[in-house]
Structure formats: structure tokens, C-alpha cells
Amino acid sequence: MGKKRKVMAAAAVCVVAVFAGVCAYISGGANGRGERKRTVRIGVAVYNEKDAYISDICMYLDDEIRKYEKGHPDVMIRREISDAGGSQQEQNNQIERFISLEYDLLLVNIVDRTNASVIIDSASAAKIPVVFFNREPVREDIFRKEGIYYEGSNAKESALLQAGIIADALEALPESVDRNGNGTVEFAMLEGESNHQDTLIRSEWVLKGLDKRGVPIRKVVGATANWERGQAKALVKQWMQEYPGEIELIICNNDDMAIGSVEALDEVGEEAVAVVGIDGVDEVQKLVEEGKVLGTVLCDTKLHAKALMEFIAAFAIEGTREDGVELLDGRYYMIPLRVVG
């Protein structure tokens, strides 16, 4: 064989070797052991990604996914988040896309809790399990088909804990919530969406909790701020003008509205009004430490994320179904709550 032919032959061998190595890398991952990774695809549909609480859950879920993949190098979890921007029709379209692409599991933070049947029927027909989280569909829909679940927290309990924050503060330091000293707490209430179950329950049971603790109260004003910081801020600024010196406490159905309240009070120079929230987001926990928020109820986003990862592992990866998740009534996973304040 001539020198030129030997060089060409050697080059060909090198090309084949490199190609084989690349193939081995692709099929075996970075370790090159020739083990093909199992890929699972998770569709995460959220009602509004701008919601700080939902954003935190998604962020911590990514952390949980990375931890799982690190401990299970043979598994690759691909998750895609779709933001409905408050539109149920948009969310339905996004979920139909997940279904058409044959995703292994759907995690749904539904826009309209009364309109879950379309999602449930489509996913069930495709035999894809659905875990609704944080925004709970009506109970009849949860039991409408097999493979439908809910992960969240107890709205009534959160409201009673919020009432406890107010009552405890009144007992420990009366002027912190009764600044005019008349023995009655004059309050305003900022509520979530008008048709949302958590709005109805939290608004009702915080007042029942205060009554049970013997706290005299008078409602000055209330309005729906749809869980949103900006709407809450605008309402509180308006109230400070319309009811000067009358409002001693602002009860908020969630922390985003509590943040909006604090921002409004800061802008108008009103520091004596107490604010309480529910969720326990990091920003509000800092405001509690600074004394700008009386307290909040921690519905831990990290625990939400851990619970959702349990569903991913049990339903999309291990195939153990309900055996891999502790459920109430075979459908519900409820996380514990605690007071911050």
C-alpha cells in the first residue's frame, strides 16, 4: 500500500472512531456507558406566571427536578411551563397541545376552577393523569374520572390561622391593631377572584375565627383585587383618601395583595395601618421581620414543589400510581400550614 493510501485509510479509521464515540455519548449520556436515558415530559399549565406565589412554586419545582435527576442519572425530566395569562380558553388550548404531544403528566394551576371538565375529559381520553395544584376545582370534577388529583392546602385552616394572627396581636399589643383604642378593630378586606373557592372560604372563615376569639370588628370597606398586587395598591390608596383615619387593619386573601397594600401605605405615608396576608412568600416574610406586615400564613411553596415532584416520580417515572403518594380520599394531597409573625 502506498504512503498516500495509508494516510487515507488511517483518516477513515479516525472518522469512524469519532462517529462511534459521538453515538455512544448520545445514547449513554455524558458517562458514555451506552445506557439510554429515559425521558419523561411534564406539562405545567399556570393561570398567571406573574403571580409571585405560583412563580415560586415553579422555581422550586425546577430545583426538585434537578435533585431527582442527580440521584437518578438514567432519567431525564423535561418540563414545559405554559402561562394562560388569566384566560381559561388559552389554557385549554395549551393543554390540548400537551396532550397532542403525548406528555406523560399534566400539572394544572387552573384559571377557572368551575371549568375543569374540558381539561379532565381530554386528558382522560388520552390516558394522561392530571394533578391540579393550588387552585382547586370543584370536588365533583376531581372525582369525575380516574387519574385526576389535587395538590394544595386547606383554605379554611389558613383563614383561621390568619384570624389567630390578628387576635394574638390584639392581646399582646392592643394598639398594633386597635390604634384608636375604642375596643373595636375597624378593617378593610382585599379579596381574590370573586368566583374562587379560596376567596370565599378565606373571607368567611377569617371573620368567623375572629368572632370565635371574641375580637370586636367593624368592616369599613372591601373589594376584589383578584389576587393582584397592582389592583390592591390602587384600592388601598383610594381607601386612604375616602376613609381617612378609619381603617386600622387590612385583611388580605393572599400575600401579593398584602404587598400592594404596604406599597400604597408607604406612598401615602400611612404607617399605622396593620396588614395581614396568606401564602408566606419570601417578600412578605421580610416585611413581617421589618414590622410592615403583622403576619402571614405560610403555605410553603417548597412543600408544594416537593409534593408535585412526588407526583412526577410516582405517575410519570415509576408507574406506581397512588402507591407512591400519600393521598386523602384517594385524590387529595394537602400540605401543612404555619403562622409567620
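Structure above, values below:
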| item | result |
| --- | --- |
| Inter-centroid distance (Cα atoms) of the stretch 176-239 relative to the stretch 262-302, Å | 14 Å |
| Helix axis angle, 301-311 relative to the chain longest principal axis, alpha carbon, degrees | 40 degrees |
| Karplus-derived HN-Hα couplings along the stretch 88-104 (A = 6.51, B = -1.76, C = 1.60, θ = phi - 60°), whole Hz, x at Gly and Pro | 5, 4, 4, 5, 4, 5, 5, 6, 4, 5, 4, 5, 5, 8, 6, 5, 7 |
| Where labels lie 7 Å past Cα in the beta-carbon direction, separation of Asp168 and Lys70 in nm | 3.4 nm |
| Sorted by Cβ density within 10 Å, fewest first, the residues Leu105, Leu327 | Leu327, Leu105 |
| Partners for Lys292 among lysines (Cα-Cα distance below 19 Å; same-chain residues under 8 apart left out) | Lys233, Lys237 |
| Relative contact order, percent, the stretch 64-112 [alpha-carbon distance under 8 Å, six or more residues apart] | 29 percent |
| Amide N proximity, the stretch 117-146 versus Glu204 label position 7 Å along Cα-to-Cβ, cut-off under 14 Å | 139 |
| Burial ranking of peptide ranges 132-139, 114-121 (average Cβ count within 10 Å, highest at the top) | 132-139, 114-121 |
| 0 to 90° range, to nearest 10: angle between helix 229-242 axis and the chain longest Cα axis | 10 degrees |
| Extension gain, Glu326 back to Phe143 (0.36 nm per residue minus Cα-Cα distance, nm) | 64.2 nm |
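Laboratory data are not the source of any read-out in this text; all were calculated from the coordinates shown. Small disclaimer: the values here were computed from a predicted structure and weren't measured. Virtual Cβ from ideal backbone geometry, glycine too; neighbours counted across all protein chains shown.
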